1. Kindly indicate whether L146 is surrounded by 20 or more Cβ atoms within 10 Å (Cβ to Cβ), within 23 Å of G97 (Cβ to Cβ) and either in contact with a helix residue (DSSP H, G or I) (Cβ under 7 Å, 6 or more places away or on another chain) or modelled with pLDDT under 95 (or both).
2. Could you check how many residues of the stretch 57-84 are touching a Lys or Arg at 6+ places or on another chain (Cβ under 9 Å) and loosely packed, with under 15 Cβ neighbours inside 10 Å?
3. Determine, yes or no, whether S276 is at negative phi, part of a loop (DSSP other than H, G, I, E, B) and either modelled with pLDDT of 95 or more or not charged (D, E, K, R) (or both).
4. Please name all residue pairs, on different chains or six or more residues apart, with Cβ atoms under 6 Å, provided the first residue is in the stretch 86-111 and is within 15 Å of E204 (Cβ to Cβ) and the second residue is surrounded by 23 or more Cβ atoms within 10 Å (Cβ to Cβ) and at pLDDT 95 or above.
5. Name, by its number, the condition in (1) at pLDDT 95 or above; (2) within 30 Å of I147 (Cα to Cα) that does not hold for V253.
6. Within the stretch 161-179, how many residues turn out to be surrounded by fewer than 23 Cβ atoms within 10 Å (Cβ to Cβ) and acidic (D, E)?
7. Check the stretch 186-206 and report whether any residue there is without any contact (Cβ under 8 Å) to a residue 40 or more places away in the chain and not aliphatic (A, V, I, L, M).
Amino acid sequence: MFLKNSLAACLILSFSVLGFSGCGNDGIPKEAAPSDEFSTSKVVLNDTGIPVDSLPQFSGVPYIPMNSNKPFFTEKEISRVKASPEFVDLSHLDSIGRSGVCVALLSPKTIPDSVVSAAGDFTPTGWHEKKYTGIDGGFLYQKGLLISSSLAGIPKNVESEIFTSTSYLNKIGLIPFEDSIYKYIKKSGKRVLYRVTPVFKGTELLSRGLLLEAYSLDDDGKGLSFCVFVYNAQPDINIDYTTGASSPASDSVKEIPTIVIGELASDYDSTKKEDSKKK
C-alpha cells in the first residue's frame, strides 16, 4: 500500500512550494489570493507527470501514508512561516470550477468559538444528490470544506474551498486528522502549518482524494506531523470520477429515492386546494 520512491519524488516537486498570505491587524485570517512567488496551481495528476496507476486503488482503507508520513514542506517554507502571523490561503477555482490547494497557519486565534454551515447553495464539481442503504445518513456526497471551519472559521470566498466529499472520506478519513490538529492546538496553544491538496485525474470533476499535510511549527514537528492521502471513495459504491455519477457495487446496497422538497411542497399545496374546493 505504500507509494514508490519515484512517485514520492514527483509529489515533492508538485506539492512542495506554495504561497502564503498574511492576516489583518487583528490577527484573524483574511481572504487570501495565491501569491506570485509560490505556486498554488491545481494539482492534476496527468499534468504533473505522476502516473495515475501509481496511486494504489482504494481497497477499503481510508488513507495511506505519503513520503514516509513526512510533509512536503521545504525548510525555506517552514523558516518563512515561523515569522508569519496566522493566515488562510485559498486557490482560485480552476477553469472548470474545481477547488485547489488550500494552506493555513493555524493557532488558537484561528479557531472560532462556534461553527456554522458554510456550503449554502453553492454546488461543487462532481456533485450529485444520491442516497444509498448502508451509508450513515444515506447521502453518498457531502459538501466539504478543504480547511475545516472548526480550525479556521469561514472565509469570505468560501466557494474556493468547497469540494464534493464522500461520506466515507469526511467521517472516516478526514475528520480524525482534523480532530488531531484541533486537539493539539487547544492543548498546546501552539501553531500548525496545514495544507490540503485535492488530487484530480485529468479533467475529472470529482477528486480522487486529498493530500493532507500538517506540521507543528513551534516544536519543529515533534508534537504533530503527518502526510497522508485520503481516498474520496465509498465502500460498496462504484464512482465515476469523470462526472461523480455512482451506482451500487453489490446486491446488498440499494439506492434510496430522493425527494425534491420544492416538488413535494407544490404537490401538497395543490392537494390542499382541491380539498378546500370539495368542502
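1. On the way: surrounded by 20 or more Cβ atoms within 10 Å (Cβ to Cβ): yes; within 23 Å of G97 (Cβ to Cβ): yes; either in contact with a helix residue (DSSP H, G or I) (Cβ under 7 Å, 6 or more places away or on another chain) or modelled with pLDDT under 95 (or both): yes.
Considered against the rule, which asks whether it is surrounded by 20 or more Cβ atoms within 10 Å (Cβ to Cβ), within 23 Å of G97 (Cβ to Cβ) and either in contact with a helix residue (DSSP H, G or I) (Cβ under 7 Å, 6 or more places away or on another chain) or modelled with pLDDT under 95 (or both), L146 comes out as yes.
2. Total meeting the criteria: 1.
3. Numbers: at negative phi: yes; part of a loop (DSSP other than H, G, I, E, B): no; either modelled with pLDDT of 95 or more or not charged (D, E, K, R) (or both): yes.
No.
4. From the stretch 86-111, the pairs are S99/F163.
5. (2) is the only condition that V253 fails.
6. The number of residues fulfilling the criteria is 2.
7. Yes, some residue in the stretch 186-206 is without any contact (Cβ under 8 Å) to a residue 40 or more places away in the chain and not aliphatic (A, V, I, L, M).
The values are calculated or read from the model by the stated rules, or taken from the named source; none is laboratory data. None of these values were measured; they are calculated from a predicted model. As a convention, Cβ positions derive from the backbone with ideal geometry for all residues, glycine included, and neighbour counts pool all protein chains shown.
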